[in-house]
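Below: one structure, written as structure tokens.
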Amino acid sequence: MSAEDLARLDGLHKGFRTRYLRHADLDAQTLGWCEAFPSLVRRESIAKSPEGRDLWLLTIGPEPDRARPSVWVDGNMHASELAGSSVALAIAEDALRLHLDPESTPRGMSAVAAARLREVRFYVLPRMAPDGAEAVLTDGRYVRSNPREHVAKRSARWRGCDVDGDGRAMVMRVEDPGGEFVAATEFPGLLVPRRIDDPGPYYKVYPEGVIDGFDGDHVPTPTYLSDNDTDLNRNFPWSWRPEPEQAGAGPYPTSEPEARAVVEFMVRHPEVFAWLNLHTFGGVFIRPLGHQPDAKMNPDDLAIWRQIAQWNEQCTGYPTVSGFEDFLYEPDKPLHGDLTDFGYHQRGALAYVCELWDLFKQLGLPKRKPFVDHYSQLTRDDLIALARWDEAHNASRIVRPWKPFNHPQLGWVEVGGLDPRVGVWNPPNDLLGGVCADQSSAFMRVASLAPEVKVDKLTVTAVSEGVWHVTATVQNHGYLPSCGIASAKELPWNEPLVAELRAEGCTVIAPTEPRRVIGHLDGWGRGLYGGSLFYLRSRGNTGTRVVEWVVQGKGSVTVSVWGPRVGRAEKSASVG
């Protein structure tokens with residue numbers, strides 16, 4: 001590749017490292033890469049949303065149909081979490097740059113690691129919920145995943161919309177003696193939780209919108225799903241549970257076309273060994289297990305997760321926590337139907353979440369354990385700190401002025417108050433580029449763990465006149481075993497490696513079956529603290545197999561080795 005190619009890559013950039021892209025811009029960005037570099041980037045729509053938007057999936061790397069160890073990145077499965085799309089696109093761009101510039105290396109990585117990365121295929125789905133993201137970008141209304149519902153509800157509920165016509169759907173406050181909020185004296189316009197000593201006025205706070213099924217008297221309690229009843233991250237098949245056991249589950253697993261498309265693609269592509277699911281916000285990585293403590297995890301898997309956690313914190317400053325031990329909203333009540341559980345338990349991948357944007361750290365808030373308490377234990381002082389940070393560092397995007405409005409159902413209200421899109425849900429535009437760079441650097445390290453099965457040696461030696469002994473030495477040069485992670489070896493689809501001899505002009509005479517099952521091969525990696533310096537020993541050569549055949553005649557032989565995770569490796573030799 002040439003300097004002109006790199007300049008063309010830079011020229012195609014649509015600004016996703018400094019702003020949040022509408023669907024048309026995301027479409028143009030992905031199409032531009034494909035048209036400019038057709039030998040390295042392929043784009044396909046794995047589904048269409050009910051509103052007609054494509055779920056664009058990028059495949060990055062030469063020979064896109066050649067099976068080989070692969071990684072997956074997805075973003076923006078929750079509509080408001082727009083930074084996930086930017087980070088996913090940044091990883092795609094950086095993977096593309098690796099191929100355009102043979103001398104380039106990801107930040108903090110060696111040429112050795114970069115060479116390994118060039119053998120890994122990248123799948124990138126920048127936006128899993130395009131309908132929801134477009135709604136958030138268009139008018140700011142809150143949408144969990146997508147603005148749709150499966151069953152019309154007779155009971156009263158809130159429907160978010162821009163009631164006052166100013167182009168934004170924020171919140172409404174209504175004076176009420178039973179209100180839970182008061183205006184903060186320390187910061188004009190900010191509402192904070194009411195305390196027993198606070199004088200009025202007191203306020204109820206509702207989403208900007210209208211009440212479907214309103215009886216004129218009783219105002220329903222808003223919910224996080226409201227008028228979009230399915231959360232994509234509760235709609236995947238592993239450990240799925242129906243409503244009401246799991247809010248947002250949807251009518252059945254993969255009822256949503258977006259979730260179904262991802263599941264169907266992954267079943268067709270067992271080569272995916274690592275899976276990054278991008279969310280916001282918090283500044284934390286969340287790894288398995290989600291339903292049990294670490295004591296129940298495969299110890300070899302846990303050692304790999306420790307290594308990934310170390311890299312992630314070095315690259316991003318974010319800690320890594322257990323989903324079960326640090327991120328349950330209710331103790332001992334695991335979430336059901338989430339994507340990373342599907343990825344880890346059913347697809348045997350290093351599947352994990354990143355909650356982008358370390359807002360709590362930006363505000364200087366104390367660290368809490370379990371980490372999930374950061375979200376639920378915010379004090380009045382913490383909210384005031386947020387408002388002051390917003391004024392000083394975020395152009396006052398979050399705390400907005402209140403404006404009176406005569407609501408068609410509630411009478412006089414005030415609209416405004418809070419626009420969390422940039423600053424709370426997502427980082428400010430001027431910080432987005434740093435988040436993208438840090439996350440790409442971290443994930444490139446994870447992608448470099450790929451198994452790498454090779455036919456190292458193929459020798460042909462004479463046994464007798466016209467009879468030859470063929471010996472193949474097969475070895476895994478990669479960090480991970482050929483099954484991916486240790487626990488994935490138990491999955492029925494993750495079959496052991498097979499070696500096969502193809503003979504041209506000669507005949508295989510022993511064994512008569514040219515295909516041999518050789519089992520999985522260990523990688524050289526052990527994770528962090530996977531070995532002891534006090535007992536400095538290796539495993540045996542468990543990453544190597546020697547396979548033998550006897551052939552008769554004159555011609556050539558080719559030994560192929562393949563498996564679900566590693567694709568196919570071959571070597572040929574002449575006979576006679």
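The values are calculated or read from the model by the stated rules, or taken from the named source; none is laboratory data. Quick caveat: nothing in here was measured; it's all calculated off a predicted structure. Here the Cβ is made from the backbone with ideal geometry for all residues, glycine too, and neighbour counts use every protein chain on show. Areas reflect the complete protein model, heavy atoms only, side chains present, ligands, DNA and RNA absent. Shrake-Rupley method; radii C 1.70, N 1.55, O 1.52, S 1.80 Å.
Which residues, taken from region 491-521, are of a type in the set (Asp, Glu), outside any strand (DSSP E or B) and at pLDDT 95 or above?
Keep residues of region 491-521 that are of a type in the set (Asp, Glu), which gives 495, 500, 504, 513.
Retained after the next criterion (residues that are outside any strand (DSSP E or B)): 495, 513.
Across region 491-521, the qualifying residue is only 495.
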>> Yes or no: region 437-447 includes at least one residue that is free of Cβ contacts under 8 Å to residues at least 40 places away in the same chain, in contact with a Pro (Cβ under 8 Å, 6 or more places away or on another chain) and under 23 Å from residue 14 (Cβ atoms).
In response: no
> Out of region 436-454, which residues are in a helix (DSSP H, G or I), open to solvent by less than 20 Å² (accessible area, probe 1.4 Å) and not aromatic (Phe, Trp, Tyr)?
Replying inline: 436, 439, 440, 441, 442, 444, 446, 447
> Among the candidates 183, 113, which residue alone is open to solvent by less than 40 Å² (accessible area, probe 1.4 Å) and at pLDDT 90 or above?
Replying inline: 113
> What tally of residues in region 379-424 results from selecting those that are open to solvent by 70 Å² or more (accessible area, probe 1.4 Å), over 13 Å from residue 187 (Cβ atoms) and either of a type in the set (D, E, K, R) or free of Cβ contacts under 8 Å to residues at least 60 places away in the same chain (or both)?
Replying inline: 7
> Within region 169-180, how many residues are more than 29 Å from residue 235 (Cα to Cα) and open to solvent by less than 70 Å² (accessible area, probe 1.4 Å)?
Replying inline: 6
> Among the numbered criteria (1) under 22 Å from residue 480 (Cβ atoms); (2) in contact (Cβ under 8 Å) with a residue 60 or more places away in the chain; (3) in a loop (DSSP other than H, G, I, E, B), which single criterion is violated by residue 72?
Replying inline: (3)
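Find the residue count for region 303-349, including only residues that are part of a helix (DSSP H, G or I) and either closer than 17 Å to residue 233 by Cβ or among the aromatic types (Phe, Trp, Tyr) (or both).
Qualifying residue count, region 303-349: 12.
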> Out of all the residues in region 385-434, which are of a type in the set (Lys, Arg) and assigned to a strand (DSSP E or B)?
Replying inline: 400, 403
>> Being among the β-branched types (Val, Ile, Thr) and either open to solvent by 10 Å² or more (accessible area, probe 1.4 Å) or closer than 30 Å to residue 169 by Cα (or both) is the filter here; which residues of region 59-107 pass it?
In response: 87, 105
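Each row is one residue, and each column tells you yes or no for (1) farther than 23 Å from residue 132 by Cα; (2) open to solvent by less than 10 Å² (accessible area, probe 1.4 Å); (3) at pLDDT 95 or above; (4) of a type in the set (S, T, N, Q).
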| position | (1), (2), (3), (4) |
| --- | --- |
| 227 | no, no, no, no |
| 234 | no, no, yes, no |
| 238 | yes, no, yes, no |
| 246 | no, no, no, yes |
| 258 | no, yes, yes, no |
| 263 | no, no, yes, no |
| 267 | yes, no, yes, no |
| 299 | yes, no, no, no |
>> Contact list please: Cβ distance under 6 Å, first residue in region 491-509 and in contact (Cβ under 8 Å) with a residue 24 or more places away in the chain, second residue surrounded by fewer than 18 Cβ atoms within 10 Å (Cβ to Cβ) and outside any strand (DSSP E or B), pairs at least six apart or on different chains.
In response: 500/514; 501/514; 508/514
> Of all residues in region 143-165, which are free of Cβ contacts under 8 Å to residues at least 40 places away in the same chain and either closer than 19 Å to residue 206 by Cβ or open to solvent by less than 70 Å² (accessible area, probe 1.4 Å) (or both)?
Replying inline: 165
> If only one of 141, 173 is modelled with pLDDT under 90 and either part of a loop (DSSP other than H, G, I, E, B) or farther than 30 Å from residue 10 by Cα (or both), which one is it?
Replying inline: 141
